[in-house]
Each structure stands twice: as C-alpha cells, then as structure tokens.
Amino acid sequence: MTDTDKRFNPLAADRKWQQIWEESETFRADSASDKPKRYILEMFPYPSGRIHMGHVRNYTMGDVLARFERMRGHEVLHPMGWDAFGMPAENAAMEKGVHPGRWTRQNIATMRDQLKRLGFAFDWSRELATCEPDYYGHEQALFLDMMEAGLVYRKESAVNWDPVDMTVLANEQVIDGRGWRSGALVEKRNLNQWFLKITDFAEDLLAGLDDLKDWPEKVRTMQENWIGKSQGLTFDFPIDNGEVITVFSTRPDTIYGASFVAVAADHPLALKLAEDNAALTEFAEECRRTGTAAAEIETQEKRGFDTGLKATHPLDPNWELPVYVANFVLMGYGTGAVFGVPAHDQRDLDFARKYDLPVKRVVSDGDETAPEFAGDEAYSGPGSIVNSDFLNGLSIEDAQKAVIDRAETEGWGKGSTVWRLRDWGVSRQRYWGTPIPIIHSPDHGPVPVPRDQLPVTLPEDIDFDTPGNPLERHPTWKHTTCPISGKPALRETDTLDTFADSSWYFLRFASQPNDKPFDKDEIAQWLPVAQYIGGVEHAILHLLYARFWTRALKSIGLLDVDEPFASLFTQGMVTHETYQMGDGSWLSPDEVRKDGSDWAHIESGEAVEVGRVIKMSKSKKNVIDPEPIVDQYGADAVRWFMLSDSPPERDLPWSEAGIEGSWRFVQRVWRIAQMADADVPGEAGADKALLRVLHQTIAGVTEDIGQLGFNKAVAKLYTLAAAIEKAQPSPDRNEAIRSLVLMVGPMTPHLAEEAWALLGGEGLIADAAWPLADMAVAVDDEVTIAVQVKGKLRDTITVAKGLPKQEMEALALASEKVQRSIGGAEVRKVIVVPDRLVNIVV
RNA sequence: GCGGACGUGGCGAAAUGGUAGACGCAGCAGACUUAAAAUCUGCUAUCCAUCACUGGGUGUGCGGGUUCGAGUCCCGCCGUCCGCACCA
C-alpha cells in the first residue's frame, strides 16, 4: 500500500456514498412506520442562484440532528424544497430578459446539485417548489377554505405605490420615501386589497408564546412586541363642530391631566378640515413627507396645527380642550387620535411646552402633589392619583378601573384592547406569485374560482418590457366568465404575498396527497416539527404567519395541531474578515495575500487594511463560495468546520486555516480507522483508561448533540481521537475506533461510511445504532481533588473515588504545600466536597 | 427611548457555585526527510524570583455584595452587537 492510498479521497468517497444513499432510498421517511417519529426541518431556501455558506451551516446542523435521531432509532422526516416565488425572479426577467420560471428552475437545479454534493440526508422524494401548480394550486384551495370560514376579506387601503415600477412596495422596500429599485418618490394610493384575519388570532398567538419553552426568549419577545397588546379605554370627545373624536388611552387614570386633543394628519377630521384650509393641507403634507427612520424620529420636533376647534372633557362639560393636528400621532395605531397629558407623557410634554399648554400633575411621585408640574421630563413612574376629583388617592391601577367603570356606566367610552398587529394584506401586483383564485363578476362582485377549476395557473407568455403587473396587461389571461351567471368576467390579477407560500410548506412536506393540500391523519404522524432551524431574520414575519396559518387551518377543522414548531433554533451567521484598499474599495479574500504580518493586494502589491469580521456580503466582497471549497476539501471537511469551534447560535468566522484544520481531522480519523486490527491478541476490557475516555465521550457527545452543542461534541471527539492514538493495539482500541467512527457518522457521513466498510461494519453506518455509554465504565476509580486554603488552590491530590470525608481532610492536611501555606495558623473550619475538593479555612 | 443577547489568552472558545483557559486555530522548539509536503512530540494567560527543579503574586469589561469558595448568583456602572420604535 502506497502512502497516497492511505489518504482519504473525499472526491471519490463523496460521490460513491451519495449514490448508494440515493439508490437505496436511505433517507426516505415512511409515514406508516411504527418507529417513534421525529420531524427535523430547516428553513427552505429561496432559489437565488447558488448555495451560500449560511445555507451550508444551517443544513449541516439539521443534517447532524436528522442522522443522529435516525441512528437512535427514530423514523426521521428531513425534507427539502424551494421557496420559489418572489421578486428577484421578476427583476432577473426585467434585467436579463429571462422568464422568471426558467430562471427559478435553473437556480433550483443548480442548488439541488450543490446540496446533494454536501451529502445531506434529505428525503428528496418529498421535494417541492412553491412556484409549481401542484403546490400553489393547493394553496389556492386553502385560501378559499379560509375565505369560506370568514378569514378573508377585501378592503380599500392605503399602500406604498412606486409610480415608476407601477407596483406596490412593502414598507421595507421604501427607503427615505423612495422606491428601493426605481428611486422614485413613493406615493400613497388607495387600492382594493385582500386581507387575512390574523387579528382574529391575536390573543391566541400571544398566549401560545408562553408554551413555546424551546423557542429562544428573544424570538418570543419579538413576536410579543409585534403583536403588541395594549389595554385601556376608548372614549369620545364631543367637538364644538358637532362631531366627536374617539381616542384610545392606556392611561385613563390621568384623564384629569388632559390639556389637548390631537389627531393624525390622515385622520378623517383632519382630512375634512383640510378641504377648505390650505395651511392645514400644507402642514399635513409635511407630516406625511417626514420619514420614519430612527434618527429622524429622535430629532423630529413635535409639531402641531391648531384647528381652532374645542373638545369637551367627558368628565366636565365646562372644560374645553384645544384640538390639534399633530405630527407625532399615527393614523395606523389605535384610533389615530389621542388626548395629551403632558405631565406624564414625554411626547405630550414636549408638545405642551412648545405650544404653551397647561401641564398639570395628576400622579404623585410620593413627595410632590402640587398641580404645577415643572421641568421638561415627564413622570411616568408609579404613584397615587392627585388633583383628580373622584380619583384622588387611588392607585394608578384602581383609578384606571374607576374611570373605565364610569365611562361604561355613563356611556361615553368603554374598556378596550388595542393591538399593534394589523390584518395581513396579501395582495401583490406582481406576476411571480400564487394567483389569488377570485373572479370579479359584474353582477356578483368577487366570487371564488370553482374548486374544479383549480389550480388557476400563471400564463407562460408574459411581457416584462413595460413596468407594472404583467398579469394585468396580459391580453387574454384575465378574461373569463362568471361562475354564477356565465357572463364575461375578469380574474383577480393580484398574486399572494410569498409569505403565504412559506406559511404551510412544512405541512405539505409531511403529507402530499394529489387531491388535497395534505392529509390530516398523516400530518398528525409528524407534526409538530421537533426541531426547526433557521436564521433569526425570520423571527417575526415567517414564524408568526406560519403559526397563524396553523391556527386558522385548525379552526376550520383541517388540522389537529396547535403549534407548528415545538422547538426553534436560530443559528448564527458565517462571517469573514474584510479587506480594504487605501481608496476605500473592497477586496475579496482571493485578491489579497499575507505579507509578513501585514496584508497586500496581490495584483498591485499595495498595502491592504484588514477590517472587521462581518457577515459575508457581496458589497463587502468577503464572500466564500462553498462549491470550490467542497471540491477541494470534500463535503465532510466543510461540514466538520461548520460544526467546530463556534457555538451554533453565535457567528462562525470562516478561515482558510480553519478549513485546513478540519481537513486534517478527516484524514486523522481515516488513519485511526486503519489502525483497527481484528487479529490483535488480548482480552476485551483490559485497557480501562481508554474505555473510560470512550464511554465519557459517548455520554458527552450524545448529550451535546441532543442540545445542539455541536462545538462541544467536536471537542470531545478530538479528545477521544488523541486517546486512541496513544493507546496500545487491543480489542478495546478496536472498540473505541468503531465507536469513534459511529459518532462522527452524523457529522462526516462519507468518511464514516468508508471507514465503517473498512471496519467490516454491517450495512450502512447511516442505519447503524448509535453507541450507548456504559456509565459504570465511564466513572473514574481515582479522582484528583483540589486542596484550597481559604479558597486559594494550594495543592492537588489523587485519591480513591468515594473516599470518606474524614480521610480526604486528613490527606489534605498532610500536604506539605498546605502546611506551608497555613504556616501554623489555627484551622477554624474545613469544607470537604466528596470527590471534588477540600477547603481549609484558617 | 424600549426590549434582548453578549463581554474569558494572539484568535474561535470550554467550564452542574468547587483545580479558569478543555478542544481547535495561529505561534515557537524539536523529530522524521537530501529537501519539501505530510505526519509526530513538546511548549504556549501574565508578572516576579530561580542556573534549574520550582516557588509566589495577578488574572474571566469596571466597582461593590453574598459565600468557606464567584467566569458562574445579587446590586450598580461601562462597552459591543441585534431587534423594535413618536404604539398613546
């Protein structure tokens, strides 16, 4: 055997085992299996073109879990698919003239190959792409189901309209008031939009968070804030022009501290007044123009426009309050109108000081009770109510109840709950999405497409040369007939927000009958997902929408699942150093070389500044494409690197040295596998030291992987490898080698299969049983204990495990170092922790 | 402003309140080699003392506290990152 034969050749091994897994359908999930089931899911990718390191990390983690659970005797569902609708495909169509479908499917083909090249244990038989009619057709059916259940409605609402691209923009796509692509000033337009009633489930979505113990605290908090429940009082201010202004307040206890009423610039009252008031019109225009960026809000001055109208205080008919239109009141929250209590709200105070309005203290901070409120800092802390008629002396909480009671008794207001969460507007004026299955009939209005006409498919012949919605412009597609009258009618040309596609894909993975979206009983076999892994960027929208769809589908009897994802893990990003030339331009890692301790540009030799380690991004040019790395080092080294060093929730800095280290470990395991010798003489159980390390490793790695502590498992496997290398040949060493190979199986599967075959293992290692730790072997019969004097380490002594306390104490006191440290002082107390330490207090 | 996370060697990081720095990377020294690659061995927080063996001090962002004992628990700061944000 030559030296090169002894090296592990990943290029050959990767291909060989991937083919074997595929041919024997190793990772096909059987819904009818009797084994306990585990559903391991990673967020499916958008087919943007190529796999990036973030995908590799995400899917490696899921893959280790999936393979680990299989080896532990579970029937595992570990599927993969494509979140295939969306804007980038249309952008490609506009820029390169390629059809969105063609572009998307090509990307899928490329990325599927790249994923297969990494040897992930996916059940490819369940692969799906949301852009195919056999997926989105079922989505249309679910949309109609929700519609029948009253969870869908249509309403005119204001949207961000890009006049150049002629399309609606999401809030995130409006940057400084301009469209992110066109750069055109965005207009507000009123359009008829379809909405899903997510607010029907607001209370339940909020309450459900409490049960998601295995979700990151951070994500739960973000969802909680997003749902944004506020309780308070909604009540009316009569206005001297005969109208009323309805306001919402979470602090009805401060009602006697009111000094003005303010409405948003878009409030109906403001709009009406502006009709014959040019100054107000201009003011309102200004309010709309100002951005909502963080910095602007901080510096933004509170400004108002005095309408001259007076509102009557609900508790005192003789008390009149000025009515303003104010720039800090939002139409989108509550009722779009507030009453200002300057003493106890910072914004109101800023406003009152500017317009010289009264500032009256109604909550005492303990010492100060006088009505005059000085200073520029509002008091919003605890206290009791003062200067407030019948509320005086009450706690804030009791006063709130008292005011709500009185309002309800007298009929001018009522206790209410206001949510930050709005209903989900799902209409998009785009081509590359799920067509909304509605026909607009001249006689019957919007009617559902009959079920037997689903799916409503997208037309293929489409024109992207002019901006706007291609479906709207298509010559024939939208023309159809009314299902009721048979008269000519028009199809809905809007498509669904792509977040709808990802709100139920995990159900279709678990069950994919032809005649319906999914089978309830088969879903019950797999759901909820045991472990969901993905980026934290989906903490709110995707995860909230998926939770909502699950509840909506349950409420109409299609499902029997409460929460789709029992446990959620948000992984960190893959990062890399950045390199910058003197002129500020960025360089990619392959354009620079290390020049001593400095870095230089290879082409020009100029000095290069090494910048912060940040998320890989095209603009900073610090991206490492996984494909050439996999070609060079093999799938296993890349996978091993993804799991090493950094804890999975933290960022992982990519480095050339790091991947080489992983490569070395792959080769090292291969060498170790070759050390196994079936004919070695000796009896099993003789090498106690090695067996101890082995069983400690098995116990530790099993626990670590179960908790997604991959970096810790990796460290323990290194230790075991070192112990095997130091051990003498023996049956025990063979056993340790076999176990090492089994334990790297989920992480470096190609290497493990190759080594397993070499060791004469039965079948595939993917199907082999995970090793069991024998704790009796794992425990040491000797322990090294620490000896401290007043908490400071003075010596360590090795004693038999389980040595009685008195003997430990005696041994510790016998230590020369300890005696020297005590120096003859009186021993006042001795703390003894069995098998751990002795602490002598003098 | 609100909420969350984090702060440990040159770097990534370990550490049920009980020997801080396991493991990896980088570095240094050595072995093998004509040489290189590969591989292997040893050292590698810091300061002081010592020819050396070794001994002692300091050390987990800063300041307090609880405890026989604190990286870990409590209080108060400082800093970094992330999310949300004129939410009434």
Does at least one position in the stretch A:247-270 carry a residue that is open to solvent by 40 Å² or more (accessible area, probe 1.4 Å), at pLDDT 90 or above and near RNA strand B (Cβ under 10 Å from one of its atoms)?
-> yes
Are any residues in the stretch A:67-92 among the small types (G, A, S), surrounded by 23 or more Cβ atoms within 10 Å (Cβ to Cβ) and in a helix (DSSP H, G or I), and if so, which ones?
-> A:A89
Log entry, pairs with first residue in the stretch A:644-655 being closer than 17 Å to A:A715 by Cα and of a type outside the set (V, I, T), second being within 6 Å of RNA strand B (Cβ to nearest atom) and in a strand (DSSP E or B), beta carbons closer than 9 Å, six or more apart or on different chains, reads A:D645/A:P653; A:S646/A:P653
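Would you mind finding the one in A:R650, A:R738, A:R639, A:R664 that is among the basic types (K, R), surrounded by fewer than 16 Cβ atoms within 10 Å (Cβ to Cβ) and assigned to a helix (DSSP H, G or I)?
On the way: A:R650 fails: assigned to a helix (DSSP H, G or I); A:R738 fails: surrounded by fewer than 16 Cβ atoms within 10 Å (Cβ to Cβ); A:R639 fails: surrounded by fewer than 16 Cβ atoms within 10 Å (Cβ to Cβ).
Being among the basic types (K, R), surrounded by fewer than 16 Cβ atoms within 10 Å (Cβ to Cβ) and assigned to a helix (DSSP H, G or I) holds for just one of A:R650, A:R738, A:R639, A:R664, which is A:R664.
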A:D145 vs (1) in a loop (DSSP other than H, G, I, E, B); (2) more than 27 Å from the chain's Cα centre (by Cα); (3) farther than 25 Å from A:D461 by Cβ: all pass except (1)
Taking the stretch A:309-319 only, how many residues are open to solvent by 20 Å² or more (accessible area, probe 1.4 Å), touching a residue at least 24 places away in the same chain (Cβ under 8 Å), under 25 Å from A:N387 (Cβ atoms) and assigned to a strand (DSSP E or B)?
-> 2
With the condition kept exactly as written, say whether any residue in the stretch A:611-628 is within 11 Å of RNA strand B (Cβ to nearest atom) and of a type in the set (A, V, I, L, M, F, W, C).
-> yes
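Given the residues A:F548, A:F509, A:F569, which is the only one that is assigned to a strand (DSSP E or B) and open to solvent by less than 60 Å² (accessible area, probe 1.4 Å)? It would help to see each step written out before you state the result.
Values: A:F548 fails: assigned to a strand (DSSP E or B); A:F509 fails: assigned to a strand (DSSP E or B).
Criteria check complete, one pass: A:F569.
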Conditions (1) away from RNA strand B (no atom under 16 Å from the Cβ); (2) over 15 Å from A:D677 (Cβ atoms); (3) not in a helix (DSSP H, G or I) -> A:W756 fails only (3)
Can you find a residue in the stretch A:526-536 that is in contact (Cβ under 8 Å) with a residue 60 or more places away in the chain, open to solvent by less than 50 Å² (accessible area, probe 1.4 Å), assigned to a loop (DSSP other than H, G, I, E, B) and out of contact with any strand residue (DSSP E or B) (no Cβ under 7 Å at 6 or more places or on another chain)?
-> no
So which residues in the stretch A:759-800 are among the aliphatic types (A, V, I, L, M) and either farther than 23 Å from A:E703 by Cβ or without any contact (Cβ under 8 Å) to a residue 12 or more places away in the chain (or both), if there are any at all?
-> A:L759, A:L764, A:A776, A:I785, A:A786, A:V787, A:V789, A:L793, A:I797, A:V799, A:A800
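Would you mention how many residues in the stretch A:801-830 are in a strand (DSSP E or B) and either touching a residue at least 60 places away in the same chain (Cβ under 8 Å) or exposed (fewer than 13 other Cβ atoms within 10 Å of the Cβ) (or both)?
1
One line per residue, one yes/no per condition, for (1) at pLDDT 85 or above; (2) over 35 Å from the mean Cα position of the chain (by Cα):
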{"position": "A:S230", "(1), (2)": "yes, no"}
{"position": "A:L233", "(1), (2)": "yes, no"}
{"position": "A:G242", "(1), (2)": "yes, yes"}
{"position": "A:E286", "(1), (2)": "no, yes"}
{"position": "A:R289", "(1), (2)": "no, no"}
{"position": "A:A294", "(1), (2)": "no, no"}
Listed by first then second residue, the pairs whose first member lies in the stretch A:537-556 and is at pLDDT 90 or above, whose partner is among the small types (G, A, S) and part of a helix (DSSP H, G or I), with beta carbons under 9 Å and at least 6 positions apart or on separate chains, are A:Y545/A:A500; A:R547/A:G208; A:W549/A:A500; A:R551/A:G208
Boolean, A:L742 is in contact with a strand residue (DSSP E or B) (Cβ under 8 Å, 6 or more places away or on another chain) and either aromatic (F, W, Y) or within 24 Å of A:Q531 (Cα to Cα) (or both) = no
For the stretch A:790-800, indicate whether the set of residues that are exposed (fewer than 14 other Cβ atoms within 10 Å of the Cβ), more than 9 Å from RNA strand B (Cβ to nearest atom), at pLDDT 85 or above and part of a loop (DSSP other than H, G, I, E, B) is non-empty.
-> no
Would you mind finding the one in A:W161, A:W124, A:W215, A:W194 that is among the hydrophobic types (A, V, I, L, M, F, W, C) and more than 23 Å from A:D501 (Cβ to Cβ)?
-> A:W161
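Are any of the residues in the stretch A:158-169 within 16 Å of RNA strand B (Cβ to nearest atom) and either in contact with a Phe, Trp or Tyr (Cβ under 7 Å, 6 or more places away or on another chain) or modelled with pLDDT under 75 (or both)?
Yes, the stretch A:158-169 contains a residue that is within 16 Å of RNA strand B (Cβ to nearest atom) and either in contact with a Phe, Trp or Tyr (Cβ under 7 Å, 6 or more places away or on another chain) or modelled with pLDDT under 75 (or both).
Only one residue in A:S503, A:S485 is assigned to a loop (DSSP other than H, G, I, E, B) and surrounded by fewer than 16 Cβ atoms within 10 Å (Cβ to Cβ). Which one? Working first, answer last.
Working: A:S503 fails: surrounded by fewer than 16 Cβ atoms within 10 Å (Cβ to Cβ).
Criteria check complete, one pass: A:S485.
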Among the residues of the stretch A:210-246, write down those that are open to solvent by 10 Å² or more (accessible area, probe 1.4 Å) and part of a helix (DSSP H, G or I).
-> A:D210, A:D211, A:E217, A:K218, A:R220, A:T221, A:M222, A:E224, A:N225, A:W226
State the number of residues belonging to the stretch A:741-784 that are surrounded by 21 or more Cβ atoms within 10 Å (Cβ to Cβ) and among the β-branched types (V, I, T).
-> 4
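For the stretch A:328-371, give me the residue count where each residue is assigned to a loop (DSSP other than H, G, I, E, B) and within 14 Å of RNA strand B (Cβ to nearest atom). It would help to see each step written out before you state the result.
Taking the stretch A:328-371 first, the residues assigned to a loop (DSSP other than H, G, I, E, B) are A:328-336, A:341, A:345, A:356-359, A:361-362, A:365-371.
Right, trim to within 14 Å of RNA strand B (Cβ to nearest atom) and you get A:328-336, A:341, A:345, A:362.
Summing the residues that are assigned to a loop (DSSP other than H, G, I, E, B) and within 14 Å of RNA strand B (Cβ to nearest atom) in the stretch A:328-371 gives 12.
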Quick one: A:V323 ticks every box in (1) modelled with pLDDT of 90 or more; (2) away from RNA strand B (no atom under 12 Å from the Cβ); (3) out of contact with any Lys or Arg (no Cβ under 8 Å at 6 or more places or on another chain) except a single one, so which number is it?
-> (3)
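Let's see how each residue does on (1) farther than 17 Å from A:Q140 by Cα; (2) crowded, with 20+ Cβ neighbours inside 10 Å:
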{"position": "A:N387", "(1), (2)": "yes, no"}
{"position": "A:Q400", "(1), (2)": "yes, yes"}
{"position": "A:V418", "(1), (2)": "yes, no"}
{"position": "A:L421", "(1), (2)": "yes, no"}
{"position": "A:W432", "(1), (2)": "no, yes"}
Among the residues of the stretch A:383-398, is any over 23 Å from A:K414 (Cα atoms), at pLDDT below 90, within 16 Å of RNA strand B (Cβ to nearest atom) and outside any strand (DSSP E or B)?
-> no
Give the residue, chosen from A:R117, A:R112, A:R178, that is charged (D, E, K, R), open to solvent by 50 Å² or more (accessible area, probe 1.4 Å) and modelled with pLDDT under 95.
-> A:R178
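The values are calculated or read from the model by the stated rules, or taken from the named source; none is laboratory data. Just so you know, these numbers come straight off a predicted model, no measurement behind them. Don't worry about glycine lacking a Cβ; one is built from the backbone with ideal geometry, like all the others, and counts go over all protein chains shown. With ligands, DNA and RNA removed, areas are computed over all heavy atoms of the protein, side chains included. Shrake-Rupley method; radii C 1.70, N 1.55, O 1.52, S 1.80 Å.
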